[in-house]
1. Show me, bin by bin at 5 Å from 0, the whole-percent P(r) of the stretch 196-301 based on Cα pairs.
2. Please report how far the C-alpha centroid of the stretch 104-150 lies from that of the stretch 362-425, rounded to the nearest whole angstrom.
3. Subtract the Cα-Cα distance of residue 158 and residue 365 from 0.36 nm times their separation in residues, and report this length gain in nm to one decimal.
4. Can you give the helix-only mean residue ellipticity at 222 nm for the chain, where every DSSP H stretch with n ≥ 4 adds -39500 (n - 2.57) and the sum goes over all residues, rounded to the nearest 500 deg cm²/dmol?
5. Classify the stretch 348-425: rounded, prolate or oblate, from the alpha-carbon gyration tensor (a ≥ b ≥ c, eigenvalue square roots; a/c under 1.5 rounded; otherwise prolate if a/b is larger than b/c)?
6. Please give the FRET efficiency for residue 91 paired with residue 41, using the beta carbon to beta carbon distance and R0 = 45 Å, rounded to the nearest 0.05.
7. Give the percent of DSSP beta bridges with both residues in the chain that are antiparallel, rounded to the nearest 5.
8. Obtain the nm distance between the two label points defined at residue 331 and residue 205 by a simple spin-label model: each point lies 7 Å from its Cα along the Cα-to-C-beta direction.
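What follows draws every value from the coordinates through simple rules; no lab data is involved. None of the values given here were measured: they were computed from a predicted structure. Don't worry about glycine lacking a Cβ; one is built from the backbone with ideal geometry, like all the others, and counts go over all protein chains shown.
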């Protein structure tokens, strides 16, 4: 499964490990984030479902191996390595925090413990899927905070960096608390509620706004949302009212959203349509939403596109995947990096969560009184042992996590045992 969705050096190292006789060594790698992106107080972990599917389904196809053989970097590799890849399976263990968990820099998101080659090869894919979805979920949480209880729909597929990114952005946004997405694939694959009715082209194709509104209502009934700003927003609101009920909502996609939402709300209320919602779109982000909410704009639903599906202001995480232990012939050697600004801590770790702080300690140590262990095993000997596909349950977990732990400057400490081990390395 997607074996070549990786960086070349993962495979050159794998070949080198194999040639060096290191297939019997067991390695432990940790994936964590070094620092928060700008204007973020915490991360919302996302992407574990895809990580589990990747590891449990990882295979090298014959055509992929044939391609690798053509690369000059492998011209010295013995034939036995290609036989190894043909039989390759992930047989190790994966430990991870549940999706939707709030985490902070330096706290492991997941831990891979497997034969060295099996632990090395997945690095690129795991960083990609966890990093992307976590950055989108974290952005969604920030937008939802700005919306102050009003619904948010993810509308960014057309601006996402690829079709698959648009689908996963819809999943990540919903997981963090959005009410749904415009992405239909995300709806089918992940059971995310989907939203959307018609674009300006629908109105323009009829040449008559009222006729276009009537035809849309015939199609959608109680789910009708009329887009009212194609020509003149206020006249569009009046035309929507003249077509009558059922009318779930109207959408504003341009202009002064504060002024227009107040005027449109008045038109709807005077027509006896107080239950009809106002949805606002048009390049919204957390700052514009917070300003509208603070000003009392009568907007019920925000549709957020580019800003959310790309995490426009901070599109990437400083996520890394580091070797922390390696075991050979019954002896464990701790590993850590010491370069300035990129130091890593040795030893397989656990995050112990207390109400007032997190403690990052060694996986083997006894937790503090009353602490919750965040990392739990999700793959054992290559087989998934948890079901990570109930997205509504995950969303509820994320909402509780954000409410309880999504605070700035939450204290994260090292345990005494980890601090001693780090000092000795």
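1. 2, 13, 27, 25, 19, 9, 4, 1
2. That distance is 13 Å.
3. Contour length minus the Cα-Cα distance gives 69.8 nm.
4. When only DSSP H runs of four or more count, the value is -12000 deg cm²/dmol.
5. oblate
6. Efficiency for this residue pair is about 0.70.
7. Once the DSSP bridges in the chain are tallied, antiparallel ones form about 65 percent.
8. 7.2 nm
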